[in-house]
């Protein structure tokens, strides 16, 4: 059965790879797995058919032969584990210890590194008009630096976090991409280069191009 994911009908970032379906697209491209995309509007995300797939009314979702998943970490893990079950180590190492470390980095990306990065977006866009916003913003940036500094130290001169590229790197690069416009990533040269290596992967380029094509297409009239 064809894998189907959901994505924004029109992404808030205009198709620049920041919407979370890009992570899932990237994982599927790394795995060499074809997939279909169901586009949803912001209104449709809050309607019963989509809420049955994602209780919180967000994207992406993943459907395959009766299985429905939400949350990008869970979806990417499923795609990676599915490849292992089929005898391929595209996203997770074959050795159990290496696999466990890669999964650890997946959790670190979404549980440790991403929350303060998302807080920065909230501070800028949702709270930018508040009288205390100017004082809060530097504090949020410092919390992000508090995550980037140890990550940078751990990565050092390595290409990837734990040997070969894995789902842990896919999730971490996806999270760090959100920082590019802030300039914070440029404070850590090895992390900026790390993100660039992720973007240079053919699978990422295909995922990015697929999302961009949707957003670049003319909007239907009426």
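Each reported figure results from applying straightforward, stated rules to the coordinates on display, with no laboratory input. All figures in this text were calculated on a predicted structure; none of them were measured in a lab. Note that we place each Cβ from the backbone using ideal geometry, even for glycine, and neighbour counts take in every protein chain shown.
Among beta bridges from DSSP that stay inside the chain, the antiparallel ones total about 50%. Per-residue packing, averaged as other Cβ atoms within 10 Å, sorts the ranges 15-21, 107-113 into the order 15-21, 107-113, beginning with the highest.
Per the helix-only calculation at 222 nm, which mean residue ellipticity applies to the chain, given -39500 (n - 2.57) for every DSSP H run of n ≥ 4 and division by its residues, nearest 500 deg cm²/dmol? Walk me through the intermediate numbers first.
On the way: 9 runs with 109 residues, N = 222.
Mean residue ellipticity, 222 nm, calculated: -15500 deg cm²/dmol.
Recomputing Cα Rg over 2.2 N^0.38 Å from the coordinates shown identifies the correct label among [x] 1.04; [y] 0.98; [z] 1.21 as [x].
A Förster radius of 45 Å, combined with the Cβ-Cβ distance separating residue 193 from residue 51, puts the computed FRET efficiency at roughly 0.65.
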